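Let me begin by presenting the structure, written as structure tokens, before commenting on it.
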Amino acid sequence: MARKLLLEHINVPGINTLDVYREKGGYRAVEKALKTLSPDEVVEEVKKSGLRGRGGAGFPTGMKWSFLAKPEGVARYLVCNADESEPGTFKDRYLMTYIPHALIEGMIVSSFALGANTSYIYVRGEMMPQIRILEKAIAEARNAGFLGKNILGSGYDLELYVQPGGGAYICGEETALLESLEGKRGNPRIKPPFPAIAGLYGCPTVVNNVESIAAVVPIINDGGDEYAKIGIGRSTGTKLISASGNLIRPGVYEIELGLPVEEFIYSDEYCGGIANGKRLKATVAGGSSVPILPANLTLKLANGDPRLMSYESLSEGGFATGTMLGSGGFIAFDEDQCIVRNTWNFSRFYHHESCGQCSPCREGTGWMEKVLHRLEYGHGKMSDIDLLVDVSKKIEGNTICPLGDAAAWPVASAIRHFRDEFEWHVKEPVKSLDTNYGLANYAEPIAKAEVTTGD
Amino acid sequence: MLKVDHQHPVEFSSALISKCDEIVKRYPEGKHKSALLPILHEVQAELGWLSTDAMDKIAAYLDILSIEVYEVASFYSMYFLRPQGKYVLEVCRTGPCCLVGAEKLMGHIEQSLGVKEGEVTADGLFSWRGVECLAACGYAPVLQIGPEYTFYENLNEQKVDELIQDLRKK
């Protein structure tokens, strides 16, 4: 069995309450940090752990913390990004629903490390039930003396609040999130200055994903060096993977980074294979923004070696033959799924969610949606395919925030790997309305693979 | 598009105002505009939607311009700028949900309620719409119903029919 750091006690009845969470060793990290470590020592442990941001960008968390400006007499803020909206990603919802104190404990330790006395958890507004769960957990923690003035007699004060969003994917981008938290539209800011210098209310601010903050708890409990022993290379520790699509057992799984993709999809410890006896056609490995890969490139690198669930292995081969770990939103497509339709669906999503600040994204996402719509509905032209590539290239890299790239990559990669399916939609406009292109020849027909689990 | 009209005068209950007072306390002195999104949720939960008059009252309460409220309410997808059914069925329509039948489900809801997306049933009970990813892709297809945003997972046509019947009886 793989090691579990975040979800070890997830099935313990009542683990959502403070009492049971403490029985299982909860809030030890708060005691250890506040009573025996200095804030800089906490930052040092997180640096040693090699933890990388779990929201999608994969930037080293300890390094991000060390950039925080500390001018005298100016408030500093920690803001947790719980605006989980990347299609395919639902791990933060899971964590907050079932083990909310893991996030609260991580927030206390991390706020202490950064010298923040007021911290916010920005939760997407649709997660109203999770907001209620967190508010209850915060009240419990406060009653137990883990929040408020002079926590555990350490002299450290912290107030923690939950802030609901209003329903906007863009607020997952950290500067849009800060704008939203200030009561404005979620328009990303031009950087620099980065939030570490001028963030919330113009003050130095760190924004971290839910899972990153929760991971600080085992890092402090066991030490950064212990955490760094798990995983592979620069992909240290465990990662929550949200598995969805045509899988036998979709859901949230905690994996040790470095797990072979094939084992993750087919072994009974994880997804159990493709549902309904179908074969795998393609995957989106890290949330809708990352390039889609056909089945053969999902399971193996271009050189034939097995592909692993790690930052490096998933991006091996660049965008030509690789993708990204991203947020860990793993979507599996079976042989009956239409790549053109799914690409259109994702493009509609990005068009809907573009904040409208930058013309390439505001206009480009709409054009891509329109062109993909006509390809899907039998009105496409052969030149549309290159037109899509052209539009996607003109969005990529030309916007204030990464939403433009996120909208461009799924389209560009779908055409890169599945061009014949797009061409078939043009050649067979009527047939493509009610039948699918199928597995075709870009994916090795993969039956249920022989998988050895454990060691 | 936001239509400015003053056809729907509203009053905020004292309970609502004290909730708003609580929310404002979460932010540093002078940063009370941060309360705007949570307050919009509270007002919508009480009134069902955000009329121009309701938004003007929020602006007055927070001592900001009305336009600062309009621009925020019209930016975010959760805020209703026109009246809705008592129950708004919001079905996720993004990729992963569509891989397992969300589009068929929306067609079914349209048929059983007899209204198109965004319209309200004659009895005022229901409206429905497709929304973007609700971050529950592993339990797809899913829908949510405000103002508590109760979540319904692993749906099929039969489960949706039962849900609609239960809500009718409430």
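The values are calculated or read from the model by the stated rules, or taken from the named source; none is laboratory data. All values reported here derive from a predicted model rather than from experimental measurement. Positions of Cβ are backbone-derived with ideal geometry, glycine not excepted, and every protein chain shown enters the neighbour counts.
Could you tell me how many of the residues in segment A:153-211 are surrounded by fewer than 18 Cβ atoms within 10 Å (Cβ to Cβ), of a type in the set (Lys, Arg) and either within 10 Å of chain B (Cβ to nearest Cβ) or farther than 26 Å from residue A:71 by Cα (or both)?
0
Scan segment A:36-64 for residues that are within 22 Å of residue A:240 (Cα to Cα), hydrophobic (A, V, I, L, M, F, W, C) and buried (at least 22 other Cβ atoms within 10 Å of the Cβ) and jot them down.
Our first condition is that a residue be within 22 Å of residue A:240 (Cα to Cα); within segment A:36-64, this holds for A:45-64.
Imposing the further condition that a residue be hydrophobic (A, V, I, L, M, F, W, C) reduces the set to A:46, A:51, A:57, A:59, A:63.
The answer is A:46, A:51.
Given the conditions (1) within 13 Å of another protein chain (Cβ to nearest Cβ); (2) within 23 Å of residue A:402 (Cα to Cα), report the number of the one that residue A:128 does not fulfil.
So the condition that residue A:128 fails would be (2).
Among the residues of segment B:57-86, how many are within 12 Å of chain A (Cβ to nearest Cβ), part of a loop (DSSP other than H, G, I, E, B) and within 29 Å of residue A:347 (Cα to Cα)?
Count: 7.
Being surrounded by 19 or more Cβ atoms within 10 Å (Cβ to Cβ), part of a strand (DSSP E or B) and touching a Gly at 6+ places or on another chain (Cβ under 7 Å), is that true of even one residue in segment A:289-307?
No, there is no match, as no residue in segment A:289-307 is surrounded by 19 or more Cβ atoms within 10 Å (Cβ to Cβ), part of a strand (DSSP E or B) and touching a Gly at 6+ places or on another chain (Cβ under 7 Å).
Checking residue A:150 against (1) polar (S, T, N, Q); (2) more than 25 Å from residue A:13 (Cβ to Cβ); (3) facing chain B (nearest Cβ under 10 Å), only one condition comes out false. Which one?
Exception for residue A:150: condition (3).
How about segment B:41-56: which of its residues are more than 11 Å from chain A (Cβ to nearest Cβ) and surrounded by fewer than 19 Cβ atoms within 10 Å (Cβ to Cβ)?
B:46, B:48, B:49, B:53, B:56
Check off (1) in contact with a Gly (Cβ under 7 Å, 6 or more places away or on another chain); (2) among the aliphatic types (A, V, I, L, M); (3) within 30 Å of residue A:249 (Cα to Cα) for residue B:120 and give me the number that stays unchecked.
(3)
Please return the ranges of helices (runs of 4 or more DSSP H) entirely within segment A:150-243 where 1 or more residues are more than 21 Å from residue A:130 (Cβ to Cβ) and touching a Phe, Trp or Tyr at 6+ places or on another chain (Cβ under 7 Å). Spell out how you get there, then give the answer.
Working: elements: A:174-181, A:210-222, A:224-229.
Hits in segment A:150-243: A:210-222.
Does residue B:149 meet the test of being under 20 Å from residue A:286 (Cβ atoms), surrounded by fewer than 23 Cβ atoms within 10 Å (Cβ to Cβ) and hydroxyl-bearing (Ser, Thr, Tyr)?
On the way: under 20 Å from residue A:286 (Cβ atoms): no; surrounded by fewer than 23 Cβ atoms within 10 Å (Cβ to Cβ): yes; hydroxyl-bearing (Ser, Thr, Tyr): yes.
Taking the combined requirement at face value, the residue does not satisfy it.
Looking at this structure, is residue A:324 more than 14 Å from every other protein chain (Cβ to nearest Cβ), in contact with a Phe, Trp or Tyr (Cβ under 7 Å, 6 or more places away or on another chain) and either surrounded by fewer than 21 Cβ atoms within 10 Å (Cβ to Cβ) or over 26 Å from residue B:132 (Cα atoms) (or both)? Quick ask: steps written out before the conclusion?
Working: more than 14 Å from every other protein chain (Cβ to nearest Cβ): yes; in contact with a Phe, Trp or Tyr (Cβ under 7 Å, 6 or more places away or on another chain): no; either surrounded by fewer than 21 Cβ atoms within 10 Å (Cβ to Cβ) or over 26 Å from residue B:132 (Cα atoms) (or both): yes.
In short, no.
It is to be established whether one or more residues within segment A:341-360 are farther than 19 Å from residue B:97 by Cα, among the hydroxyl-bearing types (Ser, Thr, Tyr) and in contact with a Lys or Arg (Cβ under 8 Å, 6 or more places away or on another chain). Before the answer, list the steps.
From segment A:341-360, those farther than 19 Å from residue B:97 by Cα are A:354-360; that's our starting set.
Pick out the ones that are also among the hydroxyl-bearing types (Ser, Thr, Tyr) and you get A:354, A:359.
Now narrow it down to the ones that are in contact with a Lys or Arg (Cβ under 8 Å, 6 or more places away or on another chain): A:354.
Looking for residues that are farther than 19 Å from residue B:97 by Cα, among the hydroxyl-bearing types (Ser, Thr, Tyr) and in contact with a Lys or Arg (Cβ under 8 Å, 6 or more places away or on another chain), one finds at least one in segment A:341-360, hence yes.
Please pick out the residue among B:28, B:38 that is surrounded by fewer than 18 Cβ atoms within 10 Å (Cβ to Cβ) and not polar (S, T, N, Q). Step through it out loud before you land on a result.
Numbers: B:38 fails: surrounded by fewer than 18 Cβ atoms within 10 Å (Cβ to Cβ).
Exactly one residue qualifies, and that residue is B:28.
Look at segment A:235-272 and say how many of its residues are among the polar types (S, T, N, Q) and over 19 Å from residue A:52 (Cα atoms).
Here is the first cut: in segment A:235-272, the residues among the polar types (S, T, N, Q) are A:235-236, A:238, A:242, A:244, A:246, A:267.
With the extra rule that they be over 19 Å from residue A:52 (Cα atoms), the set shrinks to A:244, A:246, A:267.
So the count comes out to 3.
Go over the candidates A:135, A:226 one by one and state the one that is surrounded by fewer than 24 Cβ atoms within 10 Å (Cβ to Cβ), among the acidic types (Asp, Glu) and farther than 27 Å from residue A:3 by Cβ. Spell out how you get there, then give the answer.
Values: A:226 fails: farther than 27 Å from residue A:3 by Cβ.
Result: A:135 is the single residue among A:135, A:226 that is surrounded by fewer than 24 Cβ atoms within 10 Å (Cβ to Cβ), among the acidic types (Asp, Glu) and farther than 27 Å from residue A:3 by Cβ.
Take the residues in segment B:128-146 that are more than 21 Å from residue A:82 (Cβ to Cβ) and touching a helix residue (DSSP H, G or I) at 6+ places or on another chain (Cβ under 7 Å), then tell me which one is surrounded by the fewest Cβ atoms within 10 Å (Cβ to Cβ).
B:130
Within segment A:74-106, take every residue that is out of contact with any Phe, Trp or Tyr (no Cβ under 9 Å at 6 or more places or on another chain) and more than 14 Å from every other protein chain (Cβ to nearest Cβ) and give me the one that is farthest from residue B:94 (Cα to Cα).
Checking each candidate, the answer is A:106.
Pull up segment A:271-288, narrow it to residues that are among the polar types (S, T, N, Q) and under 24 Å from residue A:84 (Cα atoms), then point me to the one that is surrounded by the fewest Cβ atoms within 10 Å (Cβ to Cβ).
Pass one, segment A:271-288, residues among the polar types (S, T, N, Q): A:276, A:283, A:288.
In the following step, the residues that additionally are under 24 Å from residue A:84 (Cα atoms) were identified as A:283, A:288.
Numbers: A:283: 24, A:288: 30.
It comes out as A:283.
Could we say that residue A:33 is buried (at least 23 other Cβ atoms within 10 Å of the Cβ), more than 30 Å from residue A:170 (Cα to Cα) and in the same structural domain as residue A:198 (by TED's automatic domain parsing) here?
Details: buried (at least 23 other Cβ atoms within 10 Å of the Cβ): yes; more than 30 Å from residue A:170 (Cα to Cα): yes; in the same structural domain as residue A:198 (by TED's automatic domain parsing): yes.
Judged against the criteria, residue A:33 is a match.
Working carefully through the options A:110, A:119, find the one that is touching a helix residue (DSSP H, G or I) at 6+ places or on another chain (Cβ under 9 Å), within 21 Å of residue A:70 (Cβ to Cβ), more than 14 Å from chain B (Cβ to nearest Cβ) and not hydrophobic (A, V, I, L, M, F, W, C).
Going through A:110, A:119 in turn, the sole match is A:110.
Here's a check for you: in segment A:114-132, which residue that is of a type in the set (A, V, I, L, M, F, W, C) and within 26 Å of residue B:45 (Cβ to Cβ) is surrounded by the most Cβ atoms within 10 Å (Cβ to Cβ)? Reasoning before the result, please.
Of all residues in segment A:114-132, those of a type in the set (A, V, I, L, M, F, W, C) come to A:114, A:116, A:121, A:123, A:127-128, A:131.
Keeping just the survivors that are within 26 Å of residue B:45 (Cβ to Cβ) gives A:121, A:123, A:127-128, A:131.
Values: A:121: 26, A:123: 26, A:127: 28, A:128: 21, A:131: 23.
It comes out as A:127.
If you go through segment A:375-386 one residue at a time, do you hit one that is within 14 Å of another protein chain (Cβ to nearest Cβ) and more than 20 Å from the chain's Cα centre (by Cα)?
Looking for residues that are within 14 Å of another protein chain (Cβ to nearest Cβ) and more than 20 Å from the chain's Cα centre (by Cα), one finds at least one in segment A:375-386, hence yes.
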